[in-house]
Structure formats: structure tokens, C-alpha cells
Amino acid sequence: MSIFESALDAHKSGRLDEASSVYRQILTHEPRHADAFHMLGLIELERGELVAAENSIRQAISINENAIYLTNLSNVLLDQQRMTDAEALLRSAIALNPFYAVAHYNLGLLLMEIGVSQEAQVSMRCALELHPEFTEAHVSLGALLTDAGQFSEAEAALRRGLAFDEMHASTHRHLGRLMLLDKRPEEAELFFRRAIGLDARSALAYSGLAAALTECKRLEEAEAACRQALAIDSVCVDAHVNLGTVLLRARQSEAAEASLRCAIRLDPEHALAHYNLGMVLASEQPAVARMLLERAHELAPSHIETCHALGYVHALQNQNASAENWFRYVLAHKPSNIATQWCLSLVLLSEGRFEEGWRLHESRTVVVDGEAVSMPPDVDFPSWQGEPLHGKTLVVLHEQGYGDSLQFCRYLPMLKRLGVKRLSVICRSALRPLIESMEGVDVCIEQDFAHDVPEHDYWCFMMSLPLRFNTTIDKIPAVMPYLRAPEERRDFWQRRLPTGGFKVGLVWAGDPRPGMPGANAIDRRRSLNARAFLPLLAVPDITFVSLQLGAITRPQLDSIPPAIRPLDPMGDVSDFGDTAAIIECLDLVIAVDTSTAHLAGALNKPVWILSRFDTCWRWLRGRNDSPWYPSARLFIQETPGDWDGVISRVVDALRERAAT
């Protein structure tokens, strides 16, 4: 064995000090031994001695310029972040030896890193033409095709790599990532678990497994996988991002924010971390969320979910033109995006652009992954799309909240006038006393018994009726009142409530919905604490009556001083029939944006509606009245969260009203 071969043997065995010493001995006697300079440079590179490594390999190249030396020198420069110089070296290597697959592969990796994806694909394909069993090149090509959204081609490339080396953990991991992006989380889970089986110290494999489990809605397992990834590598950015995503889905907003901020500290250019943190903060801090999402968009312009989120936060800030632009941008690239159609519909409806708004609003009925905003019924007869109804039977379905049915039940008498032979309505039990007494309603079925509904010619959602009747801003049915309290209920409450004087009903909060994060966030923005009404209660010569329900919100009355505490009849209220009867005994209702406000408007009772800054679409932008309810007056926050300003204006208006 020659002295150089003994040095190589020590090198391959990991005895770097010994190998280095022997290479130096060789160079003492043979100062133009190119291979000794080259191998010494590789040891220095492995030790992180980058300047020394560069000098050694350049010495080798000065003696014998070849593709291998140039390629390895490029690796030294890459570690120094000298991308341009490294690229030039790799292109020189390929020019010297076009058949050197590793040079093509390394050039592909460099081009991947600097974001030149198409050229990177070309380099990887060149490497594979020269060396078809080059597993790493198959994996890198698969990763490039995955990022380009070419999932079928990516899967084929990765499976070819797997055919050459089925024990290659990275190939399994990349297949898991592909399956995840292709909405195949169950398959993704299998590949990530195989990757872990082959390399139990792969933090990225555990992080990918967590992402797959999150999509499968197995959040506890997903969190455990994230924490295992971080136990292996505490600075694994993907694991911090995925943990933040898991915690966000689990409605642990503060913990999610902490994880995502940690990810951004570790990698300030991680687009997904910025996106997810923006989503965490969107409802409570939309201005901050917008900045994060704008940064995410800069980092990943093709991430369509970020574009949708930007539309959402602009809408929360009443920046409708910008919101519309973002939503239309998303739909130009992904016309079938149901969530974006839905959000755009709300922007359009809020501006009174009803024709397109109602049409897009139908997106709420489209089922995606087994879910929809309004889930169509499982019946054997078709939905009504505007066909002639003379002599036909029709069932109209309640959807979403109580307020939605109270607002749109105004269309029921109009259906009967189209010649419907039998009009049935499915609604919640609390609404039945009001709905069943409406003109034209033949049968009222409680929602709990909807599965027993007999066959009809057609069915229709309540909130689809404005579209079916081609409702425009100038043609809103506003014949008032269109609801009335049952007469015996009204008589009962007239005897219970004080007679004479000016009587005002109050509602200060909505209904929390912990199981619905979006709706719950809106409820937090629309609701107050009872004590926020103290300035109102101080207005003299008014009898205040609480119309507030809710296990959490109604007891807040106890915090009001007894001398000004409103009357509270709600313990004896069984449904909206009772609430309607109480309202008919009042002179005015002051309410946050809840079903009670809709009920008062439908009864044609004067109602002052206190609304959050990002007011609901149905109140329209830039108005303090409502074409839906002629008796309504709107008091909308002038800045987000500014209830003090709203209450001050209401107090002034109430003093003026009481004085008359």
C-alpha cells in the first residue's frame, strides 16, 4: 500500500487527524501532488476550516484542473454563501467534463436554493441521464416537481428513486410531503412513519408526520410528533411552524403565537410561519396580521392561501376595495376556491352589489371535504332553482343563526303568492311560534325532526330566497311588520311588565360559540359586558328591561347596582314567541348585532343596533339606517374595539329621545 493509499484509508475510516498528517507529509516531499491537496481540502471543509479548504483545493486545481476538484471547491464556496462563484465553478466543471453527473446534480441543488426551479430541473434530469440510479437526484427532482405542483410527475420521480433504494429515508419523507400537499394525508402518514423507521433521528420526518396527523384532525398525536421533532432538534423551524399550526387548530392561540414567533426568529424568511402567525392574529389584531401576511406573500407569492388571508384581513379593516382585489386575484388563479367565493360574496353584499353577491353567496352550500357552511339536506328531491311553483310543494330550511332566519323569513309569504300548493318550513324550535303563524306557511317542522320531512317537489335554503327573487338594493321586501307575537303571549307580558313610561329593552352580548372559531371571534368583537351599559342606565325617566339570554352573559346583571339594574323577565321566556311579545310591549330596543335586533326590526319596533367596526355585511357600508328594517338605526364603531364612542353616541340619542 502506498503512503497516499494509507492516507486515503485513514480518511475513509474517519481518522482525520492521521489522514491530514499523512497528506501534509506527502506534500512536503511532493509539493505538486494534486490529489493530496484536494483530499486535505476536503478534511478542512469537514472541519469547517473554510479558508484553508479553499486554499488547498485551489492549489490542487492549479496543478490539475478537473471537474471533481472544481465541484468540491464549489461546495466550499457554498458554505461561505458565495453562490455566484460556486455556480461559476460548477458550470466550469460541466464544461470540462459534461459526463460528470455529480456536477450536474450539485448545480441543480444550488439552483434550487436560489429559486431557479426550471433550470434546476434541467440539471437534475441531466444528472439522471448520466446516472439513472442516482437516488439523491431522483429525490431532488421529485422535490422540485412537488414545489411546482406537478404532483403526478413528482410521485413518479420519487418512486423511481425508491425503486433503486427502498431504504432511503429521505425519499420516503419527500413522498410524505408530496402526499400531504396533494391532499392525501393518510398516505402521507404512512410514508412519514416509514421515514422515521429508517431514520429515527429525523426531526423533519416527525414534523411532516405532525402535519399529516393535523390534516387527519388527530391533534393530540400531531402535537406529540411536533414535540418529538423538537426534542431531536430544538431549532427545527418546520417543527415550530407545525406545532403552531396544531395549537391554532386546537384553539390555543397564545401558545400557537409563541411557537410561530420562535419559528420566525429562527428563520425570518419562512413564509409559512408568517402566514400562520398572521392567521393567529387576524381576528384580534388585523393590522398586525396584514403586515405578517404581506411579508408571507413577498416570500411565497404563489401561496394562494396567503392571498385569500390578505383579502380577509383587509375586509376586517373595512378596506373593501383591497379585499375585493385580493379575493378576485385568488379566484383568477383558482376559480373553484369555495372559501374565497364566500368571502367575496360578503364584501359585495356589504356594498349593496346584490346581483353578483347573492350568486356567490350560494358557495356556502357547496360541500368540500364533507363540510359546508350550510350543509344541503339528504333528500331525494331537488333544490329549487327558480322553476315555476304553481301547484308544487316546497320545503324551506332554516340555516346558520337565528338572526338569519328572522331576517329572511320575510320571503315566505312571497313564495305562497307564486302558487305553492303546500309550503313547509323547517326551523329551530325556538322560532316555531313565530314562523308557523306567518302568512302562507302551511306546515312548520322543528329542525330536530327534519329527518321525518315528507317528500316535496323542491327544497330551498332560507338564505337562498333573495337570489331566487332577484333581490336588489331597491327591491328588498320591507312590508312591516312581517312577524307578530302570538296574541296570548302579548297579553300575558302586558300584564307582567310595567305600564306607562318609556320602556327600553337591552341586549349587550351575543352567544359564544367555542366550537366555531370564526363565529366565536366575531362574537367577541360584537359583544360587551353588561357594565358597559352603565352610562345608558343612568339616563333618567326610563324603564330598562333586559332581553339578554345566555348562561355567561345574563348573570352579568348582578354586577349592575340594584338602583339602576334593568328588569329581568328572561327567566320566564321559553322561545322567541315570548321575546317578541315582550318587545311589542316596549318603546325601543337597544341591542348589539344579535337575533334580538333582527326580531325587533321584523316586528317594526324601533331598534338601535350597536355594531362592531367590521360590521356584518347585511348592514351595508357607510349607512346608519337599514333598508332591511326601516325602524332600525345603526351605531357602528368608528375604530376597531371603540365601544366607548358608540355608547356615548347612544346615550346622547337616548337623552334626546326620552326628552320627546
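The values are calculated or read from the model by the stated rules, or taken from the named source; none is laboratory data. This one's a predicted model, so the numbers in the text were calculated from it and none came from an experiment. No Cβ is skipped: glycine too gets one built from the backbone with ideal geometry, and neighbour counts run over all protein chains shown.
Answer yes or no as to whether Gly386 is under 23 Å from Ile476 (Cβ atoms) and not in a loop (DSSP other than H, G, I, E, B).
no
Which number in (1) under 21 Å from Ala195 (Cβ atoms); (2) part of a helix (DSSP H, G or I) marks the one condition that Ser234 misses?
Looking at each condition in turn, Ser234 falls short on (2).
Within region 165-179, how many residues turn out to be hydroxyl-bearing (Ser, Thr, Tyr) and crowded, with 24+ Cβ neighbours inside 10 Å?
1
Among all residue pairs at least 6 apart or on different chains, which show Cβ distances below 9 Å where the first residue, located in region 302-326, is over 19 Å from Leu277 (Cβ atoms) and the second is outside any helix (DSSP H, G or I) and of a type in the set (Val, Ile, Thr)?
Asn318/Thr615
Which condition from (1) crowded, with 18+ Cβ neighbours inside 10 Å; (2) touching a Lys or Arg at 6+ places or on another chain (Cβ under 6 Å) is the one that Trp358 breaks?
Result: Trp358 fails condition (2) only.
Inside region 498-518, can you point out the residues that are at pLDDT below 85 and crowded, with 16+ Cβ neighbours inside 10 Å?
Once the filter is applied, which keeps residues that are at pLDDT below 85 and crowded, with 16+ Cβ neighbours inside 10 Å, region 498-518 yields Gly510, Asp511, Pro512.
Go through region 428-482 and give me each residue that's out of contact with any strand residue (DSSP E or B) (no Cβ under 9 Å at 6 or more places or on another chain), surrounded by 19 or more Cβ atoms within 10 Å (Cβ to Cβ) and under 21 Å from Lys392 (Cβ atoms).
Met463, Pro466, Leu467
Taking Arg249 as the residue in question, decide whether it is under 20 Å from the mean Cα position of the chain (by Cα) and either of a type outside the set (Ser, Thr, Tyr) or modelled with pLDDT under 95 (or both).
yes
Collect the residues in region 442-473 that are out of contact with any Gly (no Cβ under 6 Å at 6 or more places or on another chain) and assigned to a loop (DSSP other than H, G, I, E, B), keeping them in residue-number order.
Asp442, Val453, Pro454, Glu455, His456, Asp457, Phe469, Asn470, Thr471, Thr472
Residues checked against (1) basic (Lys, Arg); (2) surrounded by 21 or more Cβ atoms within 10 Å (Cβ to Cβ); (3) farther than 20 Å from Ala300 by Cβ:
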residue	(1), (2), (3)
Pro98	no, no, yes
Ala103	no, yes, yes
Arg125	yes, no, yes
Phe134	no, yes, yes
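Return the only residue of Ala52, Ala86, Ala19 being within 49 Å of the chain's Cα centre (by Cα), of a type in the set (Gly, Ala, Ser) and part of a helix (DSSP H, G or I). Don't jump to the end; show me each part of the working.
Details: Ala52 fails: within 49 Å of the chain's Cα centre (by Cα); Ala19 fails: within 49 Å of the chain's Cα centre (by Cα).
Within the list Ala52, Ala86, Ala19, the selection yields Ala86.
Does region 105-115 contain at least one residue that is among the polar types (S, T, N, Q), in a helix (DSSP H, G or I) and in contact with a helix residue (DSSP H, G or I) (Cβ under 8 Å, 6 or more places away or on another chain)?
To start, the set of residues in region 105-115 that are among the polar types (S, T, N, Q) comprises 106.
Now drop any that are not in a helix (DSSP H, G or I), which leaves 106.
So of that shortlist, the ones also in contact with a helix residue (DSSP H, G or I) (Cβ under 8 Å, 6 or more places away or on another chain) come out as 106.
Yes: region 105-115 contains one or more residues that are among the polar types (S, T, N, Q), in a helix (DSSP H, G or I) and in contact with a helix residue (DSSP H, G or I) (Cβ under 8 Å, 6 or more places away or on another chain).
Let's see how each residue does on (1) of a type outside the set (S, T, N, Q); (2) under 28 Å from Leu70 (Cα atoms):
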| residue | (1), (2) |
| --- | --- |
| Gly115 | yes, yes |
| Gln118 | no, yes |
| Met124 | yes, yes |
| Glu133 | yes, yes |
| Glu136 | yes, yes |
| Leu144 | yes, yes |
| Phe151 | yes, no |
| Arg160 | yes, no |
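Every residue in region 131-142 that is hydrophobic (A, V, I, L, M, F, W, C), more than 12 Å from Gln118 (Cα to Cα) and part of a helix (DSSP H, G or I), please.
First, the residues of region 131-142 that are hydrophobic (A, V, I, L, M, F, W, C): 134, 137, 139, 141.
Filter once more, so that each one left must be more than 12 Å from Gln118 (Cα to Cα): 134, 137, 139.
Across region 131-142, the qualifying residues are Ala137, Val139.
Could you tell me whether Gln285 is out of contact with any His (no Cβ under 8 Å at 6 or more places or on another chain) and either assigned by TED's automatic domain parsing to the domain that holds Trp619 or within 21 Å of Val246 (Cα to Cα) (or both)?
yes
So how many residues does region 559-584 have that are surrounded by 20 or more Cβ atoms within 10 Å (Cβ to Cβ) and within 14 Å of Ile542 (Cα to Cα)?
Going residue by residue through region 559-584, those that are surrounded by 20 or more Cβ atoms within 10 Å (Cβ to Cβ) are 566, 576-583.
This time we only want the ones that are within 14 Å of Ile542 (Cα to Cα), so: 566.
Final tally of qualifying residues: 1.
Can you find a residue that is in the same structural domain as His104 (by TED's automatic domain parsing), closer than 24 Å to Val102 by Cα, buried (at least 18 other Cβ atoms within 10 Å of the Cβ) and among the acidic types (Asp, Glu) anywhere in region 37-50?
Yes, there is a match, as at least one residue in region 37-50 is in the same structural domain as His104 (by TED's automatic domain parsing), closer than 24 Å to Val102 by Cα, buried (at least 18 other Cβ atoms within 10 Å of the Cβ) and among the acidic types (Asp, Glu).
Looking only at region 631-648, decide whether some residue is assigned to a helix (DSSP H, G or I) and closer than 27 Å to Arg484 by Cβ.
Looking through region 631-648, none of the residues is assigned to a helix (DSSP H, G or I) and closer than 27 Å to Arg484 by Cβ.
Residues in region 20-33: is at least one without any contact (Cβ under 8 Å) to a residue 60 or more places away in the chain, within 24 Å of Val102 (Cα to Cα) and out of contact with any Ser or Thr (no Cβ under 7 Å at 6 or more places or on another chain)?
As a first pass, look at region 20-33 and keep what is without any contact (Cβ under 8 Å) to a residue 60 or more places away in the chain: 20-33.
So of that shortlist, the ones also within 24 Å of Val102 (Cα to Cα) come out as 33.
Now narrow it down to the ones that are out of contact with any Ser or Thr (no Cβ under 7 Å at 6 or more places or on another chain): 33.
There is at least one residue in region 20-33 that is without any contact (Cβ under 8 Å) to a residue 60 or more places away in the chain, within 24 Å of Val102 (Cα to Cα) and out of contact with any Ser or Thr (no Cβ under 7 Å at 6 or more places or on another chain).
Table: residues versus (1) assigned by TED's automatic domain parsing to the domain that holds Gly505; (2) out of contact with any helix residue (DSSP H, G or I) (no Cβ under 7 Å at 6 or more places or on another chain); (3) crowded, with 18+ Cβ neighbours inside 10 Å.
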site: Leu586; (1), (2), (3): yes, yes, yes
site: Val589; (1), (2), (3): yes, no, yes
site: Thr596; (1), (2), (3): yes, no, yes
site: Asp614; (1), (2), (3): yes, no, yes
site: Tyr629; (1), (2), (3): yes, no, yes
site: Glu638; (1), (2), (3): yes, no, no
site: Gly645; (1), (2), (3): yes, yes, no
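This table checks each residue for (1) surrounded by 24 or more Cβ atoms within 10 Å (Cβ to Cβ); (2) within 21 Å of the chain's Cα centre (by Cα).
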residue: Leu181; (1), (2): no, yes
residue: Leu198; (1), (2): no, no
residue: Ser207; (1), (2): yes, yes
residue: Arg218; (1), (2): no, yes
residue: Ala224; (1), (2): no, no
residue: Ala231; (1), (2): no, no
residue: Val235; (1), (2): no, no
residue: Leu243; (1), (2): yes, yes
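If a residue has to be in a loop (DSSP other than H, G, I, E, B) and of a type in the set (A, V, I, L, M, F, W, C) to count, how many in region 143-175 make the cut?
2
All but one of (1) farther than 24 Å from Ala287 by Cα; (2) in a helix (DSSP H, G or I) hold for Lys183; state the number of the condition that does not hold.
So Lys183 meets the others, but not (2).
So which residues in region 350-373 are touching a Leu at 6+ places or on another chain (Cβ under 8 Å) and either outside any helix (DSSP H, G or I) or not aromatic (Phe, Trp, Tyr) (or both)?
The answer is Ser350, Glu351, Gly352, Glu356, Gly357, Arg359, Leu360, His361, Glu362.
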